[in-house]
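Written below as structure tokens is the structure these notes are about.
FYI, it's all coordinate maths here, none of it is from the lab. Note that this is a predicted model, so its numbers are computed, not measured. Here the Cβ positions follow ideal geometry from the backbone for every residue, glycine too, while neighbour counts run over all protein chains shown.
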């Protein structure tokens with residue numbers, strides 16, 4: 001089973017290393033990771049490019065001005081493999097995350113969603129992220145998902161909701 005990881009990012013320079021480290025240290029590393037950058041003006045792209053030097057399965061697509069839904073759709077359209085896991089910039093995925101997602105597919109699940117470890121500097125920031133609404137909350141408490149590529153190509157992400 002080949003797995004594509006997708007992730008949209010925008011100005012994640014403060015936290016992208018944590019996410020990348022959590023991805024490259026998986027017990028089951030994804031076969032590719034497709035990052036879509038919406039036009040970051042910090043060090044996000046440079047940091048991802050650093051990781052590409054040692055991990056040729058990491059790809060970066062720049063889609064200036066895209067929103068999160070458009071970025072996810074771009075990532076899905078450019079993913080090579082039919083099994084897709086997704087996370088967001090600002091997250092840190094558990095070490096067994098990809099392995100657990102693969103196991104869910106092998107058990108016959110077609111789609112899965114849930115919360116993983118959010119990126120926060122301290123307990124106050126973590127709690128603040130939980131209680132805020134809107135974009136701040138999503139950036140602190142991000143979901144993860146797993147699905148068949150063909151489902152997302154047919155349905156896409158609804159742009160008006162993200």
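Structure notes:
- For the peptides 18-25, 46-53, the ranking by packing is 18-25, 46-53, with the highest mean count of neighbouring Cβ atoms within 10 Å listed first.
- Distance between the modelled labels on residue 1 and residue 41, one decimal in nanometres: 4.3 nm (7 Å Cα→Cβ projection).
- Estimated FRET transfer efficiency when R0 is 22 angstrom, pair residue 106-residue 77 (beta carbons, to 0.05): 0.30
- Gain in span if fully extended, residue 31 to residue 56, counting 0.36 nm per residue against the direct Cα distance: 8.0 nm
- Protection proxy ranking for 93-104, 69-80, using the average of other Cβ atoms within 10 Å per residue and placing the highest first: 69-80, 93-104.
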